[in-house]
Amino acid sequence: MNPATAKARVAEAIKNSRNIVVVPHALAQMEQRKIDHLDIYRCLRDGAIVEGPYIHDIKSGNYRFRVEANVVGEIIAVVAELAECDDGFVIVVTTFKGN
């Protein structure tokens, strides 16, 4: 999968916010770094894929990527996986500020 295809699949998946799954590690990082769910959504919606996508787990077939965006004057980065299933979940693995 190339970045353009991944970006299109992410855009389709996040049309329903229930398709954005944030794992506990990412929730802890969000709290520590003062990043909220809206920041995550904006980054996924408006950002550019700067790393990946690559298959992270052969068993699941999930593609991992890093997307970055300027969100309210700060660079927000999100490392996420695009779940290879019909529902197209975006699984947020971690997030941080800066690049």
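Every read-out reported here was derived from the displayed coordinates using simple, explicitly stated rules and does not represent laboratory data. Since this is a predicted model, take the numbers as computed values, not measurements. All Cβ positions, even for glycine, are placed from backbone atoms using ideal geometry, and neighbour counts span all protein chains on display.
Side notes on the structure shown:
- Whole-number percent relative contact order across the chain, with pairs defined as alpha carbons under 8 Å at least 6 apart: 31
- The C-alpha atoms of the chain occupy a region whose extents along the principal axes are 33, 26, 23 Å, arranged from largest to smallest.
- With a simple spin-label model that places each label point 7 Å from the Cα along the Cα-to-Cβ direction, the separation between Ala48 and Val72 comes to 2.4 nm.
- Residues Met30, Met1, sorted so that the one with the fewest Cβ neighbours within 10 Å comes first: Met1, Met30
- Here Tyr41, Tyr63 are placed in order of increasing Cβ neighbour count within 10 Å, fewest first, which gives Tyr41, Tyr63.
- Local electrostatic count, Ala80, Cβ distance below 9 Å [Lys/Arg +1, Asp/Glu -1]: +1
- Helical content alone sets the calculated 222 nm signal of the chain at -9500 deg cm²/dmol, taking -39,500 (n - 2.57) per DSSP H segment of four or more residues and averaging over every residue.
- Cross-link reach list, lysines versus Lys7, counting only Cα pairs under 16 Å and skipping chain neighbours closer than eight places: Lys15
- Cβ-based exposure ranking for Phe65, Phe96, in which fewest neighbours within 10 Å come first: Phe96, Phe65
- Longest DSSP-loop-exposure-free segment, trypsin sites (Lys or Arg not before Pro), the chain, at most 14 other Cβ within 10 Å: 60-99
- Dipole check for the chain: with +1 at the C-beta of Lys and Arg, -1 at the C-beta of Asp and Glu, and the Cα centre as origin, the magnitude is about 100 Debye.
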